[in-house]
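All of the numbers you see were taken from the coordinates with simple rules; none came from a lab. In this text the structure is predicted, and so the values were computed from the model without any measurement. Counting neighbours? That spans all protein chains shown, and the Cβs are built from the backbone with ideal geometry, glycine included.
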Ligand SMILES: NC(=O)c1ccc[n+]([C@@H]2O[C@H](COP(=O)([O-])OP(=O)(O)OC[C@H]3O[C@@H](n4cnc5c(N)ncnc54)[C@H](OP(=O)(O)O)[C@@H]3O)[C@@H](O)[C@H]2O)c1
Ligand SMILES: NC(=O)c1ccc[n+]([C@@H]2O[C@H](COP(=O)([O-])OP(=O)(O)OC[C@H]3O[C@@H](n4cnc5c(N)ncnc54)[C@H](OP(=O)(O)O)[C@@H]3O)[C@@H](O)[C@H]2O)c1
């Protein structure tokens with residue numbers, strides 16, 4: 001077997017010198033290097049910002065969505081949405097392991113990759129189903145995981161697709177657990193979505209009974225989900241792209257004190273200021289939303305003289321997979337919501 | 001006078017509901033609202049990422065650069081580079097103050113705005129000079145500062161253009177002073193540039209003699225500038241867009257320990273992984289570079305399983321203007337470099 005780079009740079013086709021995530025195109029031939037893992041893929045879980053964009057463009061037509069996905073993979077060697085820049089993750093069975101690897105997995109084991117599809121070499125023979133609700137796409141095909149690539153064995157105490165949906169957003173609750181302190185006022189935007197619900201749980205847990213947890217959810221269904229968890233003290237329904245509306249409502253709900261931590265779990269662009277304005281000076285704005293613009297956040301905060309720490313949601317945090325699955329194990333309401341969302 | 005919104009939303013033309021920074025176009029008519037400040041502008045300081053992009057596209061031709069700038073201002077009502085998304089700031093004299101404002105400035109005072117040009121209503125009659133080295137553009141025109149807009153009176157103990165150059169990047173050193181702890185290993189990418197040099201100073205000061213400060217500078221001149229400050233323990237010269245090269249050099253310089261804090265002060269795209277890879281797990285990556293991609297940072301870190309806090313450089317931090325001017329006052333070498341860079 002050929003020797004590969006830990007980070008998979010041996011698969012970068014263009015441009016030269018970058019890592020696979022930054023590459024425009026990577027080599028998706030399915031002959032593995034000595035430090036790679038070959039996976040028979042069963043389902044892709046597109047990240048919500050990416051799927052939202054593809055669905056909008058395809059006007060909701062499943063066939064057009066399939067075409068877009070296949071075209072991206074054919075052009076780039078990976079499911080790396082050229083508009084949003086984001087990916088998602090996948091589940092599948094181990095097909096083979098490179099010679100050099102000494103791992104606790106063997107062919108036949110089921111795993112979820114915890115690295116973005118935006119850097120995962122992927123070859124899809126056929127898309128057998130597209131689920132418009134869950135952004136999950138059943139496929140026949142193969143993928144490659146690099147030596148530095150993180151993965152989790154699929155747990156056997158919950159449905160595969162529930163685990164997949166939760167693991168896709170595992171970075172968020174794990175990081176929120178470090179950001180929120182006892183007694184904090186915490187704002188969660190997109191609180192009725194998957195990452196939003198998990199962050200609500202974590203915000204409540206860390207802020208405690210003296211904290212104030214404010215959920216922003218849009219549709220009736222999303223509000224209902226957030227409400228049913230009983231995790232939030234206040235539920236608001238502004239449009240998260242309207243910063244002034246969000247700001248005014250949070251201002252009112254906090255008697256002008258604003259939030260210590262504001263968390264963006266929506267999946268749409270132009271929500272930067274709705275996260276920054278309602279945060280207090282010295283507070284934190286955490287962006288898990290992949291449709292966030294770097295400059296809009298940096299210059300938007302400057303523009304209104306807000307001394308807020310602006311944090312990019314890292315998809316990876318140590319122990320994030322177990323952390324997230326444990327939330328579903330400890331919170332039955334959330335687990336039931338994830339069940340229903342995965343249908 | 002008409003009543004205005006604190007954040008200047010009364011000037012947003014499109015799209016509806018956003019703040020001025022996020023707007024595609026704002027109203028740049030120069031009749032002020034009751035809470036605005038009218039400024040006679042003398043010089044624009046384009047931010048380095050924006051100017052770099054405009055200069056590249058114009059192949060270095062000053063007339064073409066002028067045209068691009070005028071066209072942007074005409075289309076958008078502000079100097080908001082549509083490619084990089086960034087702006088810069090300006091110096092000028094107060095021309096008038098809205099009725100409602102009670103401020104410590106009066107017509108005739110010289111100020112620098114500390115909010116981005118990407119949200120500042122601007123009308124330029126004429127560009128009289130473009131300085132290709134400093135990214136400073138002398139103009140005849142007017143601008144408006146919103147009630148929430150931050151500004152600084154120009155100090156009288158240093159040349160105006162030195163203050164302008166330093167104040168443009170004032171967010172960086174002020175934030176770095178909070179990020180670095182005693183004994184830390186700190187990496188500064190773009191260490192020979194303006195924000196890079198100020199961050200070197202702050203990194204050294206906070207890390208102390210037991211810390212390790214590593215400078216990455218590219219050109220001979222930039223290395224020389226970084227070297228002459230005597231602030232760095234090590235100076236490296238990889239191409240900051242080559243993540244593996246940067247990683248390997250930092251790995252070597254730190255005996256594999258990597259950096260506690262990695263600071264990106266370059267002005268070019270595709271440098272996210274050069275900041276993330278050399279940071280240790282549990283460390284911090286701070287992106288001041290306006291050419292940073294949100295998704296490349298978030299998914300790139302995930303892709304290599306790096307548990308690093310990813311921070312967006314907020315252009316504003318409390319006290320950042322005084323903080324930065326004081327660095328030039330306390331460090332004569334830096335002050336001399338800024339003098340020479342401003343010519
Ligand atoms: N950083 C990372 O590594 C990483 C990893 C995975 C995913 N992500 C990103 O995280 C974000 C959330 O993902 P998810 O899976 O949790 O998404 P999700 O389940 O689809 O939830 C998104 C939520 O945003 C709400 N929303 C959308 N537009 C809104 C608006 N204008 N106002 C108010 N709420 C609005 C939606 O409300 P309705 O249901 O009412 O429409 C929905 O509840 C996405 O951007 C995704 O790409 C990041
Ligand atoms: N967050 C904010 O609010 C804010 C405010 C202002 C500015 N900024 C941004 O901060 C960044 C730095 O601004 P600045 O004024 O300090 O810029 P600057 O003075 O122009 O310095 C940029 C430095 O980056 C170096 N560089 C460029 N390409 C490189 C490469 N491939 N490898 C290694 N080094 C490279 C340059 O080196 P050479 O000289 O050798 O080419 C230069 O020294 C810019 O992106 C700017 O837009 C952000």
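Some values worked out for this structure:
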read-out	value
Pairs of alpha carbons in chain B whose separation is greater than 32 Å (percent)	30
Cα convex hull of segment A:1-99, projected area averaged across orientations, nm²	6.5
Estimated FRET transfer efficiency (residue B:29, residue A:29; beta-carbon r; R0 51 Å; 0.05)	0.30
Nm distances between copies for residue A:83, ranked from closest, using label points 7 Å along Cα→Cβ	2.4
Label-point separation, residue B:181 to residue A:239 (7 Å along Cα→Cβ), nm	4.5
Value of Rg/Rh across segment B:9-66 [Cα atoms, Kirkwood radius]	1.08
Ellipsoid semi-axes in whole angstrom, largest first, where each is sqrt(5λ) of the Cα gyration tensor of segment B:123-226	32, 18, 11
B:200, A:117 arranged by Cβ crowding within 10 Å, fewest neighbours leading	A:117, B:200
Nearest 10 degrees, 0 to 90: helix B:332-341 Cα axis against chain B principal axis	60
Between segment B:186-229 and segment A:173-234, the alpha-carbon center distance in angstrom	41
Convex hull (Cα only) mean projected area of segment B:102-155, reported in nm² to one decimal	4.7
GNM top mover of B:156, B:264, B:81 - chain B, alpha-carbon springs below 10 Å	B:156
Rg(Cα) / (2.2 N^0.38 Å) computed for the protein assembly as shown, rounded to two decimals	0.95
Average Cα contact separation per residue, chain B, under 8 Å, 6 or more apart, as relative contact order %	15
Most mobile listed residue (A:126, A:55, A:194) in chain A, GNM with C-alpha springs under 10 Å	A:126
Fully extended contour minus Cα-Cα distance, from residue B:157 to residue B:340, at 0.36 nm per residue	64.3 nm
Within a Gaussian network of chain B (alpha carbon springs, distance under 10 Å), most fluctuating of B:43, B:75, B:266	B:75
Using a Förster distance of 25 Å, the FRET efficiency for residue B:227-residue B:133 (Cβ separation, nearest 0.05)	0.80
Exposure proxy ranking, count of Cβ atoms within 10 Å, fewest first, for B:219, B:177	B:219, B:177
Ranked list, fewest to most other Cβ atoms within 10 Å of each Cβ, for A:52, A:251, A:80	A:251, A:52, A:80
Helical mean residue ellipticity (222 nm; -39500 (n - 2.57) per DSSP H run of 4+; nearest 500) of chain A	-10000 deg cm²/dmol
Separation of the residue A:322 and residue A:13 label points, Cα + 7 Å toward Cβ, nm	3.9
Minimum Cβ-to-axis distance in chain A for the rotation onto chain B, with residue, whole Å	A:294, 2
Residues in segment A:11-41 reached by a label modelled at residue A:93 [backbone nitrogen below 16 Å; 7 Å Cα→Cβ]	A:38-41
Residue mean of other protein chain beta carbons inside 10 Å, A:261-271	1
Rg/Rh for segment A:48-182, where both radii come from Cα atoms and Rh is the Kirkwood radius	0.98
Average beta-carbon neighbours from other chains, 10 Å sphere, peptide B:287-295	6
Histogram of C-alpha separations across segment A:171-341, 5 Å bin width, %	2, 10, 20, 24, 23, 14, 6, 2, 0
Per-selection Rg to Rh, segment A:222-270 - Cα, Kirkwood hydrodynamic radius	0.95
